[in-house]
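Trainee: This is the structure, below, for whatever I ask next.
The values are calculated or read from the model by the stated rules, or taken from the named source; none is laboratory data. Because the structure is a prediction, the values reported are computed rather than measured. Methodologically, a virtual Cβ is constructed for each residue, glycine included, from the backbone with ideal geometry; neighbour enumeration extends over all protein chains shown.
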Amino acid sequence: MSQHPYYSKLQEQLVEGRLDRREFVRFASLLGVSAASAYAFAGKITGEDFVPRAQAQDMPMGGTIRIAMRVTAVNDPHTFSWVIDSNIVRQVCGYLTRTGTDNVTRPDLLEGWEASEDLLTWTLNVRKGVKWHSGRDFTAEDVAWNLNRVLTPEAGSSVLGLMKGYMMNDEGTALWDANAIEIVDDHTIRLNTRNPNVAIPEHLFHYPLLIINPADNGSFGVGSDGTGAFKLVEHVVAERAVLENAQNETWYGEGPYLDRIEFMDLGDDPSAAIGALASKQVHAIDEGDIVQLDAFKAMPHVEIIPANTAQTAVARGRCDTAPFDNPKVRKAMRLAVDSPSVLQAAHGGLGSAGEHHHVSTIHPDYAELPFMARDVEAAKALLAEAGHPDGIDVEIACKKDPAWELLSVQAMVEQWKDAGIRVAINVMPSDQFWEVWDKVPFGYTAWTHRPLGFMVLGLAYRSGVPWNESAYANPEFDAKLTQAEGILDIDARREVMAELEMIMQEDGPIVQPVWRAIYCAADTRVQGYQMHPTSYIFGETIAINA
């Protein structure tokens, strides 16, 4: 495999201190350099040793793990809107790539990839020797079928939001070229893109882009085929999902060590998970809430596992619906909120204050802007200019669980009052909210972590994409986003990201008060259970001591 010409530039930037080790390894891996090679080079420069996690011989074999997690419908993986859906199917079906807890992207169902110097051609090398559980060889045709399906607008997959800028025509209705997804041979796919994009390997790990068997025609359920370490044997929405070791002789990854995984839905009462973990009814929870943290810390048999992340939630109005169709109203709602106090009220101060542009300080392409502090008088003035001198009356939809989401909304509602923004709260059960999250005029929606700042901007705010819940449409924003996606040099990209962040603060559709800290909790008998920044669970890495 040839080395991308820009790798030497990355090496120079690391030596000069323009990139830290994390950023160097991340971008080198996106260009097709193995993570091990990139870590080794970085270690020579920084003096830091890369120590791999425990190997298979350290892990006990067999047993069942029970994990507390909401159990939702999993009928069509390509249209998933929530990480928990994919945590079930992820045990059965794989991804082309995998971004680890260190935010480094590695091959998964691919053996590797190569990018052309101009980033317009990406050659994906499909892993050889893999079979579906049914016994059929896994091939490039399977990959092409999945990519074509998620990029068909009628499928309704959010993958379109990530790939629209480089794979689709101007209207976003079809691939930009008939040869955009090219099958070279049984184990090679070539993406011939319209515009350059540095993050394609990370896009291939977007959680709805599970590689499913074309024979299932997009559907999934008990007994569905896969290439993964487990098979789904039972699934009851709002109750449980049960997976068993598939005894997959062509499994290429770590493990699996467990005989069985049981996801148990304990409902939306935070005390239920506390009681279940305390009584050892479950061995782990998928993600803890801030209101549960002290109780988990008090359990001597429980370990708290944190993760550094860019998880958040945004209060957004639909830009095609009054009064949110006026950018002055949208900015007024931002100016009426004090983000640090919302963070304290909702999350005990754990995390960092949001800056209303949905790019986190942990993103390597984050551009620092002056902090958007609360200014109630400026908010009132903007409302008056927008034709609302007496303020506005609106309703916000939100979930009652996890608790931090409702606490965030309640804190903002109290602050909005000072600017004459009167907001009623429509608290909905999670299953009802999930049905309308992208349709309500005003809602509070949680967004999970993405490794690069421009990824979530493409998913959530690019014109006309499935997850654009705010109906935001700004041609200048779209053009700068596509520009940022194709810039390899981190300093040059950061300049464009600064422009995108400013557009979001001045014109964007969101109020974003918090970046939150996340954690999971597990019984100390459990090994290999990690808190992924995106809350992903990989069952094959987990083991349990009897």
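Trainee: Tell me, yes or no, whether region 316-325 has at least one residue that is touching a residue at least 60 places away in the same chain (Cβ under 8 Å), buried (at least 23 other Cβ atoms within 10 Å of the Cβ), assigned to a strand (DSSP E or B) and not β-branched (Val, Ile, Thr).
Mentor: yes
Trainee: Checking the condition in contact with a Gly (Cβ under 8 Å, 6 or more places away or on another chain), at pLDDT 95 or above and not assigned by TED's automatic domain parsing to the domain that holds Asp507, which residue from Phe296, Phe324 passes?
Mentor: Result of the check over Phe296, Phe324: Phe296.
Trainee: Here is a further query. Residue under question is Met504, and the condition is that it be assigned to a helix (DSSP H, G or I), buried (at least 19 other Cβ atoms within 10 Å of the Cβ) and in contact with a strand residue (DSSP E or B) (Cβ under 9 Å, 6 or more places away or on another chain); does it hold?
Mentor: Yes: the conditions hold for Met504.
Trainee: Quick one: which of Gly228, Gly255, Gly221 is outside any strand (DSSP E or B) and farther than 21 Å from Gln527 by Cβ?
Mentor: Going through Gly228, Gly255, Gly221 in turn, just one is outside any strand (DSSP E or B) and farther than 21 Å from Gln527 by Cβ: Gly221.
Trainee: If I filter region 507-523 for residues that are buried (at least 17 other Cβ atoms within 10 Å of the Cβ), of a type outside the set (D, E, K, R) and assigned to a helix (DSSP H, G or I), do I get at least one hit?
Mentor: No, region 507-523 contains no residue that is buried (at least 17 other Cβ atoms within 10 Å of the Cβ), of a type outside the set (D, E, K, R) and assigned to a helix (DSSP H, G or I).
Trainee: Please state which one of Gln483, Gln512, Gln527 is modelled with pLDDT of 95 or more and in contact with a helix residue (DSSP H, G or I) (Cβ under 6 Å, 6 or more places away or on another chain).
Mentor: Checking each option against the conditions leaves just Gln483.
Trainee: Also, quick follow-up: With within 30 Å of Val237 (Cα to Cα) and either out of contact with any strand residue (DSSP E or B) (no Cβ under 9 Å at 6 or more places or on another chain) or hydroxyl-bearing (Ser, Thr, Tyr) (or both) as the only criterion, which of Ser271, Ser352, Ser360, Ser341 stands out?
Mentor: From the options Ser271, Ser352, Ser360, Ser341, the qualifying one is Ser271.
Matching residues to (1) of a type in the set (A, V, I, L, M); (2) crowded, with 22+ Cβ neighbours inside 10 Å:
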{"residue": "Asp186", "(1), (2)": "no, no"}
{"residue": "Pro201", "(1), (2)": "no, yes"}
{"residue": "Leu204", "(1), (2)": "yes, yes"}
{"residue": "Leu210", "(1), (2)": "yes, yes"}
{"residue": "Thr227", "(1), (2)": "no, yes"}
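Trainee: Could you pull out the residue among Met502, Met531 that is under 24 Å from Val314 (Cβ atoms) and touching a Leu at 6+ places or on another chain (Cβ under 7 Å)?
Mentor: Sole residue among the options that is under 24 Å from Val314 (Cβ atoms) and touching a Leu at 6+ places or on another chain (Cβ under 7 Å): Met502.
Trainee: Does any residue in region 375-398 that is without any contact (Cβ under 8 Å) to a residue 40 or more places away in the chain come within less than 7 Å, Cβ to Cβ, of a residue that is of a type in the set (D, E, K, R) six or more places away or on a different chain, and which pairs are these?
Mentor: Here the result reads Gly391/Arg422; Asp393/Arg422, each pair linking region 375-398 to a residue that is of a type in the set (D, E, K, R).
Trainee: Among (1) more than 14 Å from Asp365 (Cα to Cα); (2) among the hydrophobic types (A, V, I, L, M, F, W, C); (3) over 20 Å from the mean Cα position of the chain (by Cα), there is one condition Ala498 misses while meeting the rest; what is its number?
Mentor: The number of the failed condition is (1).
Trainee: Only helices (runs of 4 or more DSSP H) wholly contained in region 1-108 count here; list those with 2 or more residues that are of a type in the set (A, V, I, L, M), closer than 30 Å to Ala215 by Cα and free of Cβ contacts under 8 Å to residues at least 12 places away in the same chain.
Mentor: Qualifying helices (runs of 4 or more DSSP H): none found.
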